[in-house]
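Here the structure is laid out as structure tokens; the discussion comes afterwards.
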Amino acid sequence: MRRLVMILVMGLLFNTIYYDFDPTEVSVACGVIFSTVMFLYMGQSPHLPVYMMNREIFYKQRGANLYRTSSYVLASSMSQIPLSLAEMIVFGTLVHWMCGFTAEVGLFIIFELIVLLSNLVMGMWFFFLATACSHKNIMTPLCMMSILIFIFAGSIAVLMGSTGAGKTTLMDVIAGRKPGGKIAGKIMLNGYEASDLAIRRCTGYCEQMDVYSEAATIREALAFSSFLRQDASISYAKKYDLIDECIEILGLEDITK
């Protein structure tokens, strides 16, 4: 019941944000669909600790030959369908009709099926993680490793999560500022694997805290970082040349004269 109440409240909140949007705005329509699916995706994550706790009961009952493994998996999968159907009806109906999607029964059914399948697929994915991992401390890193991030030009991507979820760590890895630990994966830029130089040239990275003094000019702040970050064997002339190059890349010549 609490889950359905949350679905109802979130559906109403979605409607206040996207109420009667313009269907010709493709980016807004994609945002509504993405937000809907992502909300249902993340709504399945609280089931992970429940699945892990149920494993001990499952091992004990299976050892007593009360049922087969296939029966347990099938029963666990089927038990998620009624709740997913209820979430589909409540959340999908609110979002489809109040946000302003095309008012056709056929398209409404397709939308509801997408919502239902997304909910079931993510539920089964978390169930698989809980069964495939030997311990709960392994389960959470695997969840983080299964995330793909796509950032399109001209758009804003927002990373949301609880404290300690790894948002800052992920951004540090993408920006090339996390050399320690074991890092695996690829960073693609326009379909090609991006080098560290390409990432530095086309992206900017802002810390969570302002580490520069308000009394320092832009050139002084760059000089401060240049002299601290580079090796002492590099000459002063090369360091100043790098400062001028950074100012030119950022297009700040007019305000650093």
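Annotations for the structure displayed:
- The shape of the chain comes out oblate: with a ≥ b ≥ c from the C-alpha gyration tensor, a/c is at least 1.5 while a/b does not beat b/c.
- Of the residues 199, 57, 78, the one whose Cα sits farthest towards the positive end of the charge dipole of the chain is 57 (charges of +1 on Lys and Arg Cβ, -1 on Asp and Glu Cβ, taken about the Cα centre).
- Less than 5 angstrom separates the built amide H of residue 189 from those of 194, all sequence-distant by 5 or more or on a different chain.
- For the chain, a crude dipole built from +1 on the beta carbon of Lys and Arg and -1 on the beta carbon of Asp and Glu, taken about the Cα centre, is about 1500 debye to the nearest 20.
- Most mobile of 100, 204, 166 in a GNM of the chain (Cα contacts under 10 Å): 204
- The long axis of helix 105-132 is offset from the longest Cα principal axis of the chain by roughly 80 degrees.
- Region 64-81-region 96-137 distance, computed between alpha-carbon centres (Å): 21 Å
- Proximal aspartates and glutamates to residue 178, defined as alpha-carbon separation beneath 14 angstrom and excluding residues fewer than eight positions away on the same chain: 196, 207
- Ignoring aspartates and glutamates fewer than eight residues from residue 239 along the same chain, the ones with Cα atoms less than 19 angstrom from its Cα are 220, 231, 248, 253.
- Degrees, to the nearest 10: 236-250 long Cα axis against longest axis of the chain: 50 degrees
- Note on 24, 36: ascending count of other Cβ atoms within 10 Å places them as 24, 36, the fewest first.
- Distance between modelled label sites at residue 45 and residue 79, nm, 7 Å Cα→Cβ extension: 2.3 nm
- Straight-distance crosslink candidates among aspartates and glutamates, where the alpha carbon sits under 14 Å from residue 182 and sequence neighbours closer than 8 are dropped: 172
- The ellipsoid that matches the Cα gyration tensor of region 2-145 has semi-axes, each √(5λ) in whole angstrom, of 35, 16, 12, with the longest given first.
- DSSP loop GluC sites (Glu not before Pro) with at most 15 other Cβ within 10 Å: longest gap in the chain: 105-206
- Exposure proxy ranking, count of Cβ atoms within 10 Å, fewest first, for 226, 155, 233: 233, 155, 226
Since every read-out is calculated from the coordinates, none of them should be taken as a lab result. For clarity, every value in this text was computed on a predicted model and none was experimentally measured. Cβ: placed from backbone, ideal geometry, glycine included. Neighbour counts: every protein chain shown.
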